1. Using only protein heavy atoms and a 1.4 Å probe, report how much of R68 is accessible, in Å² to the nearest 10.
2. Among the listed pairs K77/K125; K8/K111; K8/K77, give every one whose C-alpha distance is greater than 28 Å.
3. In a shell of Cβ-Cβ distance under 12 Å around V117, excluding V117 itself, what net charge do Lys and Arg (+1) and Asp and Glu (-1) give?
4. What ranking do 84-90, 117-123, 137-143 get when scored by the average of other Cβ atoms within 10 Å per residue, highest first?
5. Could you order the peptides 60-66, 102-108 from most to least packed, using the average number of other C-beta atoms within 10 Å per residue?
Amino acid sequence: MKQTRLLKILAAGAAGAVALSTAFAQESSTTTTTTGSTGVSSTTSTSTLNGTGTISTLSPSSDYVVFRGEASAAPVKYYYSKSTTVVDPEGRTVELSALRPDMPVTYTYVKEGDRMVITKVTLTKPVSYYEKKETTTTTTTRP
């Protein structure tokens, strides 16, 4: 009985820590633009959010990537643009075409209306780790 209660307390603490780290990872910015002599202004508010997961689907013919997050098993669709940056763990820029399914990544995105747009993808392992290396062994026997 004590083990069950301790396990529940630890699980609640872990869930709280994840929620707290997600809340602190968010950055918010507000832009106010005033145009013309009429003084008409518009305000745009965006929040930068971070996530960690594995690439589930990536199609070069589309404008989105599907990630399977660590917290949820359901894949989520994120859109990318020409300004999306992909970097390796050392911070070197990598082409978007280097991304493959099942790569673990961390990503930063913003919500634009009902879309989530990726601004930066960071690979957790270098691209060379994922490169497929083929070796061929030839054995010849003499008659």
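The values are calculated or read from the model by the stated rules, or taken from the named source; none is laboratory data. Keep in mind it's a predicted model, so treat the numbers as computed, not measured. Note: ideal-geometry Cβ built from the backbone for every residue, glycine included; neighbour counts use all protein chains shown. Quick note on the areas: whole protein, heavy atoms, side chains included, nothing else; ligands and nucleic acids left out. Shrake-Rupley method; radii C 1.70, N 1.55, O 1.52, S 1.80 Å.
1. 80
2. With Cα atoms farther than 28 Å apart: K8/K111; K8/K77.
3. Here the charged neighbours net out to +2.
4. The packing order, highest mean first, is 117-123, 84-90, 137-143.
5. 102-108, 60-66
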